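I have placed the structure first, in the form of structure tokens, so that the comments after it can refer back to it.
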């Protein structure tokens, strides 16, 4: 819920969820550390008193408000912006939530004899998984964000009251002055008798989280980072904990290691050529890989869990490993790798840890065949990865990675008309002929026969001095259509894209128009422009804001449209690029038409022998000069002829489930 609230202010990319996962793992670590420390207090009375104060503080901060969570400022370090924002907005109540489960298990283990407290860990994860599925399928789909926040606040108060009841029961049934058994029983882990086991827990926990975060990143390269796709990997991750901690027999080492050797090859093909699979195939295959890998990690953890005397320390180590894995996948990997190689690192870690744990086995005979299986599986995986990456990257001229995604510049020379292309994830975001002379002709989605090419040429034919706003820079191909005395204003959130467009492509530098590239989220920039300087009066405003194959939702809402209309000239044209492999956005366009009252035309330009990209554009305008033009009439059709459904989004309510192509 909170990730969805802040998503628009950070460009709508999948890294928002990655940053939220880092916050989740970090606060979980702090909560488990608190549980470990409070369990060392001398009496139960002291423990209950401290935790009661914490519950009161959490309740006092209710209800949450959208204003306390949302922000509109992005610095050069979005990860830390999000972390700080979440810490101030929901830090205290989430800290209480994170500490509850281990503390209740600890108190139960010392007040009830022969209770299997680790099964409670499994039960708590069942509840978490149910909540995960309820959010995208029921809550998000039916409730606006403001109502979701109020509902969560009410549930949190109910949770706190129930906790007070549990604390009261512990208070009644326990001697308040008694020193707890953990203080007198010898802690095998704390005494240093089994540090190797602690390191194993840490590494296994970290590996599971690395695979969780990297799987989510890879899933949402081409598909918008919607809650439904966030929750599926996390739900599978929790399910493996549920199964392994409820019954250790679920983890049959030989079976799951053999299975992993097979699915690791599936993971490799998904990583290298994932865009060749349909979205449902990608989701299913990625989840199978994640499930098998996490069964191994969490199965090994469950089989080696300690006794009740070391339970809080055990949970603390798991949380530390999870936090470390999240830091690696969220921050370090962005600095170290130019692609999502942390996914490959996670797969290799499962192999390496499986080998190491078998060799380090302290009881029973080492199964050498199992070791050989993992060694061979790892070598085959690494060798194939090297070969496939050398082929995939052989055309690379430039590549970079930051918070907003991965971009590559490739010189494709093995085709009839060699091109230089900008690739975001797996999707081409513009191209330029390598053999061009002078002013390069736009290719791909921006070629003259596409909807945007037709409209920009018509505008140019009607005279110069036009002002065009373009949300999304890409390679800057639309600058080709600028004439002398025209002004083209580009809005681009990713600074690496601006660098690439100016350094490796020639559209911006050869344009006759005055070019202005403004950094930052387009919607935030347009809102600030309106407050400070009034309306731009754009003759044409083009929304072409890709994040690979996804368009950020916040650029398609009722509030966004109102902002566009403020900046549009009276007879101006609003243009949307809706070419998309995984989303059918025509129903959203119908909603925009109904809201704006403008007339629409839908352009669909098929691929050809010289250009393989099919382009879909939709225009909205009241300018009859454009609507009656013979080119527009012959190359387009009214939107209602291709879309009977009408979907209207707002900042408070939107769901992409209804527009995903399955």
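Every number in this text was worked out from the coordinates using simple rules, so none of it is lab data. Remember, it's a predicted structure, so these values are computed and weren't measured experimentally. Glycine gets a Cβ as well: all are built from the backbone with ideal geometry, and neighbour counts include every protein chain shown.
Here are a few things to note about the model shown:
- Sequence-separation-based contact order of the range 445-659, relative, with Cα cut under 8 Å and 6+ spacing, percent: 20 percent
- Here each label is just a point 7 Å from Cα along the line to Cβ, and for residue 303 and residue 532 those points are 6.1 nm apart.
- The simple Förster model, with R0 at 51 Å and r as the Cβ-Cβ distance, assigns residue 53 and residue 396 a FRET efficiency of 0.35.
- Length gained on full extension, residue 254 to residue 658, computed as 0.36 nm times the residue gap minus the Cα-Cα distance: 141.3 nm.
- With respect to the chain, whose longest principal axis is taken over its alpha-carbon atoms, helix 195-219 is tilted by about 20°.
- 0 to 90° range, to nearest 10: angle between helix 227-246 axis and the chain longest Cα axis: 20 degrees
- Counting only DSSP beta bridges with both residues in the chain, the antiparallel share comes to about 65 percent.
- Estimated distance in nm for a label pair at residue 169 and residue 383, the labels positioned 7 Å out from Cα along Cα-to-Cβ: 5.8 nm
- Separation in nanometres of the label points that stand 7 Å from Cα toward Cβ, at residue 441 and residue 559: 4.4 nm
- FRET efficiency, 1/(1 + (r/R0)^6) with R0 60 Å, evaluated for residue 631 and residue 352 via beta carbons: 0.45
- Shape of the range 290-378, Cα gyration tensor, a/c cut at 1.5: oblate
- FRET efficiency, 1/(1 + (r/R0)^6) with R0 35 Å, evaluated for residue 266 and residue 464 via beta carbons: 0.05
- For the chain, averaging the sequence separation of C-alpha pairs within contact (under 8 Å, six or more residues apart) and dividing by the residue count gives a relative contact order of 13 percent.
- Three-way shape label, the chain, alpha-carbon gyration tensor, a/c 1.5: prolate
- Extension gain (nm, one decimal) between residue 142 and residue 514, 0.36 nm per residue minus Cα-Cα: 129.3 nm
- Listed peptides 290-299, 309-318 by packing density, highest first (mean Cβ within 10 Å): 290-299, 309-318
- From most to least packed by mean Cβ count within 10 Å, the peptides 16-24, 530-538 give 16-24, 530-538.
- Between the helical axis of 118-134 and the longest alpha-carbon principal axis of the chain there is an angle of about 20 degrees.
- Extension gain for residue 335 to residue 369 (0.36 nm times residue separation, less C-alpha to C-alpha distance): 8.4 nm.
- The range 465-541: C-alpha gyration tensor shape, a/c 1.5 cut-off, then a/b vs b/c: oblate
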